[in-house]
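The values are calculated or read from the model by the stated rules, or taken from the named source; none is laboratory data. Since this is a predicted model, take the numbers as computed values, not measurements. As a convention, Cβ positions derive from the backbone with ideal geometry for all residues, glycine included, and neighbour counts pool all protein chains shown. To get the accessible areas, we keep the full protein, side chains included, count just its heavy atoms, and leave off ligands, DNA and RNA. Shrake-Rupley method; radii C 1.70, N 1.55, O 1.52, S 1.80 Å.
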Amino acid sequence: MKYTIAIHSAPYGGSAGQAGLAFARAVLAAGHEISRVFFYHEGVYQALSSAVAPQGEVDLPAAWRTFGEETGIELAVCIANGIKRGVLSADENDRYERNAVTLAPGFELVGLGQLIDAIVSSDRYIEFPQ
Amino acid sequence: MKKLLCMISHAPYRDAHTLELLDVALVGAVFDCEVSVLFRDEGVWALLKDQDATSLGQRTVSKVLEALETYDVNAVYVCAASLASRGLDQDDLALSVKTIDHAAQALLIAEQEAVLGAQT
């Protein structure tokens, strides 16, 4: 079965990051596929590279990156939700003349159409809420 | 054609939840999905008429709702119990929506292929 997974809370604003990541690993371990992980609402903060996790706590942007590298699954951040919260790729940093690229490695800023595309091509859509 | 339901349950000016979910509804419609929207709990306030969010420095949610019809999203529902418990009725609302009870909401949810905003 093919899944689309959506993450809607920020690292310190809810459990969506850790629960979603654990679920994504469990989905793959059970032999299913994931079309894309989509970060929406406050979930875009999972991709903020300038966050520094306290010692002894999981560094979620890094944990997602490891997951992406190990599995090849796309980590897609809604561009509209991302840039208004300060999550900027190099392109968006140039476009809006800001002074920091804050999109963590391994993530991509994409249009909302990519969420719909993933849902349409999946059997299940699972959302980890705010 | 995929059937998508967006459930809006946060008060409209509490956070970005309402406008960001309406964006999903509109983009879903552009991508040829059959989109429904259900307002429930505090989300029903989004439907109130005579809204003006100018002083909040935000977009007026009821104005954005008018775009739903433009994008052929005509399946717009509101939870009857959520309206009644807030002392609201159809006359208080900015647009014509279908008021449905919990049993009808269960049927609506059951016929979807994806539900967004299901948990608050």
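Worth a mention:
- Estimated at 0.36 nm per residue, the fully extended path between B:Ala84 and B:Thr99 surpasses their Cα-Cα distance by 4.4 nm.
- For chain A, calculated [θ]222 nm from helices alone, where every DSSP H run of n ≥ 4 adds -39500 (n - 2.57): -10000 deg cm²/dmol
- Interface burial for A against B (accessible surface, 1.4 Å probe, total of both chains, Å², rounded to 100): 1500
- Two-decimal Rg to Rh for chain A - Kirkwood Rh, Cα set: 0.96
- Amide H within-cut-off set for B:Thr99, under 5 Å, with H built and near neighbours excluded: B:Val78
- Residue mean of other protein chain beta carbons inside 10 Å, B:23-33: 4
- Solvent-accessible heavy-atom area per residue, rounded to whole Å², over chain A at 1.4 Å: 46
- Built amide H within the under 5 Å cut-off of A:Ile7, gap 5+: A:Phe38, A:Phe39, A:Tyr40, A:Phe128
- Rg over Rh for chain B works out to 0.94, using Cα positions for both radii and the Kirkwood form for Rh.
- Using the Cβ-Cβ distance between A:Glu33 and B:Met1 with R0 set to 30 Å, the FRET efficiency works out to roughly 0.85.
- Legend: residues in region A:34-77 shielded by at least 10 square angstrom of accessible surface upon adding the remaining protein chains to the isolated chain (1.4 Å probe, heavy atoms) are A:Tyr40, A:His41.
- Whole-percent carbon and sulfur share, accessible surface of the protein assembly as shown, 1.4 Å: 49
- Applying the criteria of a DSSP loop state and at most 13 other Cβ atoms within 10 Å to the trypsin sites (Lys or Arg not before Pro) of region A:73-130 yields A:Arg98.
- Taking amide H positions as modeled 1.01 Å from N, with prolines and chain starts lacking one, the residues under 5 Å from B:Lys2 and 5 or more places away or on another chain are B:Glu34.
- Phi to ³J(HN,Hα) by Karplus 6.51 cos²θ - 1.76 cosθ + 1.60 over region A:45-53, Hz, x for Gly, Pro: 5, 4, 9, 7, 6, 7, 6, 10, 6
- Label positions at A:Ala26 and B:Leu107, each projected 7 Å from the Cα along the C-beta direction, are separated by 3.4 nm.
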